[in-house]
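Presented below is the structure to which this report refers.
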Amino acid sequence: ATDKPLLAVNNIEVIYDHVILVLKGVSLSVSKGGIVALLGANGAGKTTTLKAISNLLRAERGEVTKGSIELEGERVQDLTPNDLVRRGVIQVMEGRHCFEHLTIEENLMTGAYTRGDGRAAIERDLEMVYSYFPRLKERRGSQAGYTSGGEQQMCAIGRALMSRPKVVLLDEPSMGLAPQLVEQIFEIVKQINEEEGVSILLAEQNTNIALKYARYGYILENGRVVMDGEAAALRENEDVKEFYLGLS
Ligand code: ATP
């Protein structure tokens, strides 16, 4: 239990287009088996933080200019996105991003592309994904583009699981989904976390739901972590209540 955290982000700065400083020294850590929430308003820098970790910034002319990112104590920020997937770090992008013209099952299988193990192991994991998302099994032959938003979100999470991740960077899974469906998806994510030991770093604007499922949370404002703590403590914090949880 005194091991290094699974994932550690140490004081990173991120700049887009050589001049736009978006992350101004962000630190966070995700322990093995943890669910950690990264909270904050639209534009606070949540997506940028996740993309810094999974090394997806380059495509957007962004770069980490300071600080370090470590997986199990080892610096990983110079690895390619594919190498990171092989090492167990995968991002589920905001907006779900399934391949619309592929079936649900074909989408899930694309998640296994970095794996070197055999067909049998991949088939087993496909069944594992279907056991968590029975809905995906029912829809396995449907073109993803014709499935619902909730099914596409499930498909995106399922596809990430097919890479056998250690940590999933989950960007705004609640986006555009009805509250009941959001709850259902979070329940499944929690189950996956508990049963498969997959750690989760969850970027969410929906503070209520995120703090219900996460054990620990960080609040980002304007590219800085302004507060962090156990989820239970954050839920009771007066500022968090006022600015992030609404006045319910
Ligand atoms: P959202 O909920 O919209 O995803 P966020 O907290 O994830 O918000 P980011 O998407 O990380 O925020 O954006 C943080 C800041 O960086 C914003 O001010 C945004 O305009 C800026 N930004 C994001 N991507 C780029 C880019 N490719 N080039 C320049 N600026 C960018």
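The values are calculated or read from the model by the stated rules, or taken from the named source; none is laboratory data. Everything quoted here is computed from the prediction, not taken from an experiment. Glycine also receives a Cβ, built like all others from the backbone with ideal geometry; neighbour counts cover every protein chain displayed.
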Any chance ASN237 is surrounded by 15 or more Cβ atoms within 10 Å (Cβ to Cβ), of a type in the set (S, T, N, Q), away from the ligand (no atom under 16 Å from the Cβ) and free of Cβ contacts under 8 Å to residues at least 24 places away in the same chain: yes
Failed condition for LEU23, given (1) touching a residue at least 12 places away in the same chain (Cβ under 8 Å); (2) out of contact with any strand residue (DSSP E or B) (no Cβ under 9 Å at 6 or more places or on another chain): (2)
Condition check for SER27: closer than 24 Å to ALA233 by Cβ, modelled with pLDDT of 95 or more and more than 10 Å from the ligand (Cβ to nearest atom): yes
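Among GLN205, GLN153, which is over 26 Å from ILE12 (Cα atoms), within 14 Å of the chain's Cα centre (by Cα) and within 16 Å of the ligand (Cβ to nearest atom)? Before you say what the answer is, go through the steps one by one.
On the way: GLN205 fails: over 26 Å from ILE12 (Cα atoms).
From the options GLN205, GLN153, the qualifying one is GLN153.
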